[in-house]
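A quick write-up on the structure given underneath.
No value in this document is a laboratory result; all are computed from the given coordinates. This one's a predicted model, so the numbers in the text were calculated from it and none came from an experiment. With ideal geometry, Cβ positions are generated from the backbone for all residues, glycine too; neighbour counts draw on all protein chains shown.
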Amino acid sequence: MATLDELKDELIHMGKLLFNRGLSNGSAGNLSLRGPDNTFILTPTGCSLGAIEKDKISVIDENGNLLEGAKPTKEYPFHLAYYKVNPSVNAIVHTHSIYATAYACLEHDDPQDVLKPMTPYLVMKLDKVILTPYRKPGSIDIAYDIASHGDGHKAYLLANHGMVVGGKNGTDALNNAQELEDDCRLFFLTQGHKVRYLSADEIAQLRK
């Protein structure tokens with residue numbers, strides 16, 4: 001397990017990459033990493049992901065008590081809920097990236113499998129993407145929505161809000177966030193065209 005200092009450096013690196021890729025603008029979005037001894041490292045409230053200050057990075061315990069740094073993002077409850085039900089997840093990315101957020105603003109027929117795969121990589125990296133109901137940002141209900149799905153889910157779209165994705169480490173979470181944004185972008189780029197989606201058999205083969 002990395003030290004708190006190393007994890008803080010990783011969080012700063014993640015934020016800069018997301019900001020430079022255009023997946024986070026202004027002070028939108030938040031990040032977290034699972035730390036040692038049941039601690040969690042999060043971006044502080046109101047900060048830009050492109051300019052995270054190391055001494056202000058929030059460290060909290062599993063109950064949300066602040067151990068050091070500035071006040072954490074108000075959305076820390078859903079980070080804790082995600083970690084609790086997904087022991088394999090060690091990093092979480094939440095952004096309001098343009099295409100994923102636009103897709104989350106549409107009406108959808110199947111919130112339990114909201115994004116039909118056009119490429120194998122959606123299935124291989126994220127499998128099913130779940131759309132959770134609209135909640136006010138910071139609402140504890142977002143935590144309940146995520147926790148209700150239990151272990152095994154990597155990617156969520158929060159209705160009219162943005163994306164939440166997890167990964168086994170920071171790099172994995174970043175890659176998963178990019179994959180979800182790109183798949184949502186593909187949806188909009190192919191509007192008005194006859195799309196060949198992956199068949200149920202093709203998806204089943206990928207899941208094996």
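Taken over the range 144-185, the percentage of Cα pairs per 10 Å bin, counting from 0 up to the bin with the maximum distance, is 27, 54, 19.
Restricting the calculation to Cα atoms, the range 4-207 shows an Rg/Rh of 0.97 when the hydrodynamic-style radius is the Kirkwood one. The range 186-208 and the range 84-119 have their alpha-carbon centroids 16 Å apart. Counting beta carbons within 10 Å around each of 5, 61 and listing the fewest first gives the order 5, 61. Phi-derived couplings, Karplus 6.51 cos²θ - 1.76 cosθ + 1.60 at θ = phi - 60°, listed residue by residue for the range 52-58: 6, 8, 4, 6, 9, 4, 7 Hz, with x used for Gly and Pro. Evaluating 6.51 cos²θ - 1.76 cosθ + 1.60 at θ = phi - 60° for every residue in the range 128-141, the Karplus couplings come out as 7, 9, 9, 9, 8, x, 5, 9, 4, x, x, 5, 5, 5 Hz, glycine and proline recorded as x. Computed about its Cα centre, the charge dipole of the chain is approximately 380 debye, with only Lys, Arg, Asp and Glu carrying charge at their Cβ. Legend: translational diffusion of the range 1-125 by Stokes-Einstein, Rh = Kirkwood radius over C-alpha pairs, 37 °C, 0.692 mPa s; D = 211 µm²/s.
Phi angles across the range 173-179 convert, under the Karplus curve 6.51 cos²θ - 1.76 cosθ + 1.60 with θ = phi - 60°, into 3J(HN,Hα) values of 5, 4, 4, 5, 5, 5, 4 Hz, Gly and Pro given as x. Estimated purely from DSSP H runs of n ≥ 4, each contributing -39500 (n - 2.57), the mean residue ellipticity at 222 nm for the chain is -11000 deg cm²/dmol once divided by its residues. Each label point was placed 7 Å from the Cα along the Cα-to-Cβ direction; for residue 199 and residue 144 their separation is 4.3 nm. FRET efficiency for the pair residue 9 and residue 98, taken as 1/(1 + (r/R0)^6) with r the Cβ-Cβ distance and R0 = 30 Å, rounds to 0.60. When only Cα pairs below 8 angstrom with a gap of at least 6 residues are kept, the chain shows a relative contact order of 20 percent.
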